[in-house]
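Comments concern the structure below.
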Amino acid sequence: MSGSVTGDDAHWAFGTSFVDPLAGVDTTLPDGVDGGELAAYCLMLGDDALVASHRLAEWCSNAPDLEEDVALANIALDLLGQARLLLARAAAADPGAVPPLPAGSPVPGEDALAFFRDADDYRCVRLVEPENGDFGETVARLLCFATWRLALLARLVDSRDPVLAAIAAKGVKEVAYHRDHAARWVVTLARGTAESRRRVRAGLRAVWPHRAELARTHPVEARLARAGVAVDPADVVAEVDGVLAQVLRAADLDDLGPCAAGPVLDGPGGRDGRHTPDLAALLAEMQVVARAHPAGRW
Amino acid sequence: MTVLGSPVCDARELAAQVTDPEMPMLTLADLGVLREVKVEGDRVRVVITPTYSGCPALATMRDDLVRVLTTAGYAAVDVVVALAPAWSSDWITERGRAALQAHGLSAPGPAPRRTGPVVLDLGPTRRDVACPRCGSGEVVLASEFGPTACTALYRCRACAEPFQHVKEI
């Protein structure tokens, strides 16, 4: 990687040319770490963020009020930024993981990974995939997702890969706001009207079965965790359950948890490329323009 | 074009004066995102750091830095990103805080110091915020997320004006 981002003179509001989000960052692999494995791990965390971001962005102009439009869009933007960094890290760690594009295509690795992989090649957990449902379900899902991600990122700041550690250190600050925002909404809705309580309760019940997958360790996570690079999700289960229990207690919804994690997921899951049908539908919409113009410059 | 005076000083000064595209009352130096300016002959290397992971202003900062420095006569301008240490609102300078205040934005308090698990906060974020327009402390949080990634929205009960507060991170 040249590391240079010498720009053009295009002066739109936010620039129109691509910027390598890791420009100048030393992406050398840590000693003894396999590039393919590191890339696979970055895709897991990056795809989680990308798909969650896309779903949250669907709320823009549809949220209960203007402030919430802005809030969910902001959270989506933070997650999109994390996804860009992680996908760029994956592309740098293993260029072979990047889908091939026509010669001369200006599409950078991070975008090729986002827009030119099929659902089978995505590595996100299923929790982030389903359609949003109502606002109660969305805040329930965000609570579950952000609580888990925050616990992962808070440990990942000590990763032996300095790039992952840096991405995590930024992400912790952001996701702490996301988690607390979702937690306050769950409590507010649960203690609001009978209808808001019914809806947030239904939302929690809808996302609860996905918690089992969050606790599962993929072989790549296990190997990289032993190498001091990744976090084993099994190590954050107690912390996540503790935080969720606190929220449920404040919401007077103790009967839903904390450890009622639903059925254990057997067989392959999202980390293995086995997804809900909702992901393919989401990707079809997200990727259609980029795929129609693989040599396009945006 | 010949670069006059001390090139190092010039480049640093020029880069420091580039403003943030979303909060143009702040220079990149006052915002604390300008981390390093290094001159070698007629080449400049500028290191910036994003405030938030998804900050869309980074590309414009890059373009603005390149334009200002090439206009000043530097032959090559490399703008690179430093992710670590992560940006903190504590890096906003005193001059930056005064500029925020003068433009109707409330400056951040001290950033939280975190080690280990992040404690859940179910109440409204406790901040010592005063209305930047009328100075009243009678303010109410309207939203933890404002029009840019780094701000929250408040409303003043005394003068009824809404205002942005730069968040502590």
About the Cα centre, charge dipole magnitude for chain B (Lys/Arg +1, Asp/Glu -1 at Cβ), debye: 300 debye
1.4 Å probe, heavy atoms, protein only - residues of the range A:181-219 losing at least 50 Å² accessible area vs chain alone: A:R184
Pair A:R226, A:R291: separation of 7 Å Cα→Cβ label points (nm): 3.8 nm
Cα lying deepest toward the dipole's positive end in the protein assembly as shown, options B:V47, B:A86, A:P100, charges on Cβ: B:A86
Accessible area in square angstrom per residue, the range A:115-172, 1.4 angstrom probe: 26 Å²
Burial of 50 Å² or greater, the range B:73-105 residues [accessible area, probe 1.4 Å, versus chain by itself]: B:V81, B:L83, B:A86
Accessible surface, the range B:1-115, averaged per residue in Å² (probe 1.4 Å): 44 Å²
Estimated dipole of the protein assembly as shown in Debye, rounded to 20 [Cβ of Lys and Arg +1, of Asp and Glu -1, Cα centre]: 780 debye
Chains A and B, summed buried accessible surface - 1.4 Å probe, Å², nearest 100: 4000 Å²
Rel. contact order, % - alpha carbon contacts under 8 angstrom, at least six apart, the range A:41-124: 39 percent
Sulfur and carbon atoms: percent of accessible area, the range B:10-157 [1.4 Å]: 50 percent
Relative contact order computed over chain B (Cα-Cα under 8 Å; 6+ residues apart), in percent: 19 percent
Sulfur and carbon atoms: percent of accessible area, the range A:118-266 [1.4 Å]: 53 percent
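Decide, for the protein assembly as shown, between rounded, prolate and oblate: order the square roots of the alpha carbon gyration tensor eigenvalues as a ≥ b ≥ c, take rounded if a/c falls under 1.5, and otherwise choose prolate if a/b is larger than b/c, else oblate. Numbers along the way, then the final one.
Values: a/c = 1.85, a/b = 1.20, b/c = 1.54.
It is oblate, given that a/c is not under 1.5 and a/b is not larger than b/c.
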Charge dipole (debye, nearest 20) of the range A:35-292; +1 at Cβ of Lys and Arg, -1 at Cβ of Asp and Glu: 400 debye
FRET efficiency, A:D34 to A:A103 (Cβ-Cβ, R0 30 Å, nearest 0.05): 0.60
Dipole of the range B:95-169, positive direction: furthest Cα of B:G104, B:V129, B:T115, with charges on the beta-carbon: B:T115
Beta bridges by DSSP in chain B, antiparallel share as percent, to the nearest 5: 65 percent
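The values are calculated or read from the model by the stated rules, or taken from the named source; none is laboratory data. Not measured: the values here are computed from a predicted model. Cβ coordinates were reconstructed from backbone atoms using ideal geometry, including for glycine residues, and neighbour counts include every protein chain displayed. Heavy atoms of the whole protein, side chains included, go into the accessibility calculation; ligands, DNA and RNA do not. Shrake-Rupley method; radii C 1.70, N 1.55, O 1.52, S 1.80 Å.
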